[in-house]
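The values are calculated or read from the model by the stated rules, or taken from the named source; none is laboratory data. Bear in mind that the values here come from a model prediction, so they are computed numbers and not experimental data. Positions of Cβ are generated from backbone atoms using ideal geometry, with glycine treated the same way; all protein chains shown enter the neighbour counts. We work out accessible area using only protein heavy atoms, side chains counted, and drop any ligands, DNA or RNA first. Shrake-Rupley method; radii C 1.70, N 1.55, O 1.52, S 1.80 Å.
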Amino acid sequence: KAFKLPLPIDIEMKGLHKGQFLFSNRKALGKFPAGSLIAVEFSELLQGNTPYQLVFTANERQSIASIDISKDYIYANLLDSVRSRVVRWEYKNKTWTEKDLPLETSGSITLASTDDESNRMLIGYEDFLTPSSLFAFDGGTLEKKLVTQLPPRFKAKGLTIAQEFVAS
């Protein structure tokens, strides 16, 4: 039997993980600002209850670029001051724990593929000095291994990347 879930019409579903229905809101939802990642126990939702739990809310310099789900974790590729940063959340004892993944943050990161039956994933990375690279990454052990990389087009030795901010 189909019925309407007690959710706002303008949410974006991100997935199901360990019985949690995950979504982001386009407008403020109660105490949760627009653009937050919110979880609710799916069994509660089916009973018409909405005990929302905040997983993540962005600050004024952040936004969620993508969400991926593996066996034990949820990953978010965040744009943080126009730089990619990947965080991992683990749901244990009805609590979400956040951890930054040990990845370069000076360029662009792509969560290319995430295995939902393990914690393995493929991550793409490139910046102004690093050619496009593909890494195999284990979200549990946090180990990464270079799979392939395009050849460099110039010598990057001695060059650095800097991001500057100015008041306007």
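Say we look at the range 48-63 and pick out the residues that are open to solvent by 40 Å² or more (accessible area, probe 1.4 Å) and within 15 Å of the chain's Cα centre (by Cα); which of these is farthest from F128 (Cα to Cα)?
For the range 48-63, the residue satisfying everything is L54.
Provide a single number: the residues in the range 75-94 that are over 13 Å from Q62 (Cβ atoms) and either open to solvent by 70 Å² or more (accessible area, probe 1.4 Å) or outside any strand (DSSP E or B) (or both).
3
Can you tell which of S70, S43 is among the small types (G, A, S) and either surrounded by fewer than 17 Cβ atoms within 10 Å (Cβ to Cβ) or over 15 Å from the mean Cα position of the chain (by Cα) (or both)?
S43 is the lone residue from the list that is among the small types (G, A, S) and either surrounded by fewer than 17 Cβ atoms within 10 Å (Cβ to Cβ) or over 15 Å from the mean Cα position of the chain (by Cα) (or both).
Of the residues that sit in the range 79-134 and are within 26 Å of F42 (Cα to Cα) and small (G, A, S), which one is nearest to the chain's Cα centre (by Cα)?
So, considering only residues that are within 26 Å of F42 (Cα to Cα) and small (G, A, S), the one nearest to the chain's Cα centre (by Cα) is S113.
Which one of T110, T97 is part of a strand (DSSP E or B), open to solvent by 60 Å² or more (accessible area, probe 1.4 Å), closer than 20 Å to F21 by Cβ and of a type in the set (S, T, N, Q)?
Exactly one of T110, T97 is part of a strand (DSSP E or B), open to solvent by 60 Å² or more (accessible area, probe 1.4 Å), closer than 20 Å to F21 by Cβ and of a type in the set (S, T, N, Q), namely T97.
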